[in-house]
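First comes the structure, then the notes that go with it.
The values are calculated or read from the model by the stated rules, or taken from the named source; none is laboratory data. As the structure is a computational prediction, the values presented were derived from the model and not from experiment. Neighbour counts are summed over all protein chains in view; Cβ atoms, including those assigned to glycine, are modelled from backbone coordinates with ideal geometry. To get the accessible areas, we keep the full protein, side chains included, count just its heavy atoms, and leave off ligands, DNA and RNA. Shrake-Rupley method; radii C 1.70, N 1.55, O 1.52, S 1.80 Å.
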Amino acid sequence: NAGVTQTPKFQVLKTGQSMTLQCAQDMNHEYMSWYRQDPGMGLRLIHYSVGAGITDQGEVPNGYNVSRSTTEDFPLRLLSAAPSQTSVYFCASSYAGQNYGYTFGSGTRLTVV
Amino acid sequence: AQSVTQLDSHVSVSEGTPVLLRCNYSSSYSPSLFWYVQHPNKGLQLLLKYTSAATLVKGINGFEAEFKKSETSFHLTKPSAHMSDAAEYFCVVSADKAAGNKLTFGGGTRVLVKP
């Protein structure tokens, strides 16, 4: 099925560990983004990409890295996990152009202990 | 810069009665506006979008929203609530194509539907 696939769905990390959240889309979307969702705060943009090889920071980028080597994939790396990074993470993709809505993945629930 | 304010964090309605979710926005650009719904432990689903065409926008599952530029509002309504409408709803503004049409989310409105 066409869409945005996120893996893993659940993850528990110890403080200081690193990991990569995977995101892949098969809709040939130019734009991809990572958001985190925390209670009462809606979703906040971490990093985004407007095409392969192009990434930029969003609202809350500290502690996260991204790269976009292909159109399909946009992994999010946690360099040294902290309890403040406990959250639900969503990847989303869209065609270029303001009028297109984003398609969201089903999320990764991350707990840092 | 852009921002979104959802005026109610929680809304409780009885099944079969109207639903109104209020949203105000600000944007330096001519915005596109969206409503997304999130059911418990699920991802986000697009309900409807405004893209500078008709100001009254119809979406899925009987929802509609009206864009009022003078009031900078984009309120979501449904004439008759169903139990399956219990979810969290997000008003979202998208602007600034140079920034990947990055989305700015409101804080969300959680809808409870009573039988």
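Annotations for the structure displayed:
- Residues being open to solvent by less than 80 Å² (accessible area, probe 1.4 Å) and facing chain A (nearest Cβ under 9 Å) - total across region B:22-47: 8
- B:Gly43 meets each of the listed conditions (1) in contact (Cβ under 8 Å) with a residue 12 or more places away in the chain; (2) under 22 Å from A:Asn99 (Cα atoms) apart from (1).
- Scanning region B:46-70 for residues that are free of Cβ contacts under 8 Å to residues at least 12 places away in the same chain and either under 28 Å from A:Gln6 (Cβ atoms) or in contact with a strand residue (DSSP E or B) (Cβ under 7 Å, 6 or more places away or on another chain) (or both) yields B:Leu56, B:Val57, B:Lys58, B:Glu66.
- Residues (hydroxyl-bearing (Ser, Thr, Tyr), on the phi > 0 side of the Ramachandran plot and surrounded by 14 or more Cβ atoms within 10 Å (Cβ to Cβ)) located in region B:48-80: B:Thr72
- Matching option when the condition is over 21 Å from B:Pro31 (Cα atoms) and either hydroxyl-bearing (Ser, Thr, Tyr) or under 11 Å from the mean Cα position of the chain (by Cα) (or both), among A:Asn65, A:Asn28: A:Asn65
Residues checked against (1) open to solvent by less than 10 Å² (accessible area, probe 1.4 Å); (2) touching a helix residue (DSSP H, G or I) at 6+ places or on another chain (Cβ under 7 Å):
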| site | (1), (2) |
| --- | --- |
| A:Thr15 | no, yes |
| A:Ser18 | no, no |
| A:Ala24 | no, no |
| A:Asn28 | no, no |
| A:Asp38 | no, no |
| A:Leu43 | yes, no |
| A:Ile46 | yes, no |
| A:Ser49 | yes, no |
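- Tally of residues being away from chain B (no Cβ under 13 Å) and part of a loop (DSSP other than H, G, I, E, B) across region A:53-79: 10
- Subset of region A:52-66 that is β-branched (Val, Ile, Thr) and surrounded by 16 or more Cβ atoms within 10 Å (Cβ to Cβ) - its residue that is nearest to A:Asn28 (Cα to Cα): A:Thr55
- Annotation note: of A:Gln85, A:Gln98, the sole residue that is at pLDDT below 90 and either in contact with a helix residue (DSSP H, G or I) (Cβ under 6 Å, 6 or more places away or on another chain) or more than 21 Å from B:Ser27 (Cα to Cα) (or both) is A:Gln98.
- Residue list for region A:25-52, filter: in a loop (DSSP other than H, G, I, E, B), away from chain B (no Cβ under 12 Å) and in contact (Cβ under 8 Å) with a residue 24 or more places away in the chain: A:Asp26, A:Met27, A:Asn28
- Matching residues in region A:85-113 - criterion: being of a type outside the set (Ser, Thr, Tyr), within 14 Å of chain B (Cβ to nearest Cβ) and part of a loop (DSSP other than H, G, I, E, B): A:Ala96, A:Gly97, A:Gln98, A:Asn99, A:Gly101, A:Gly105, A:Gly107
- Any chance A:Ala82 is in contact with a strand residue (DSSP E or B) (Cβ under 7 Å, 6 or more places away or on another chain), loosely packed, with under 15 Cβ neighbours inside 10 Å and within 8 Å of chain B (Cβ to nearest Cβ): no
- Among the residues making up region B:48-67, a single one is of a type in the set (Lys, Arg) and more than 12 Å from chain A (Cβ to nearest Cβ): B:Lys58.
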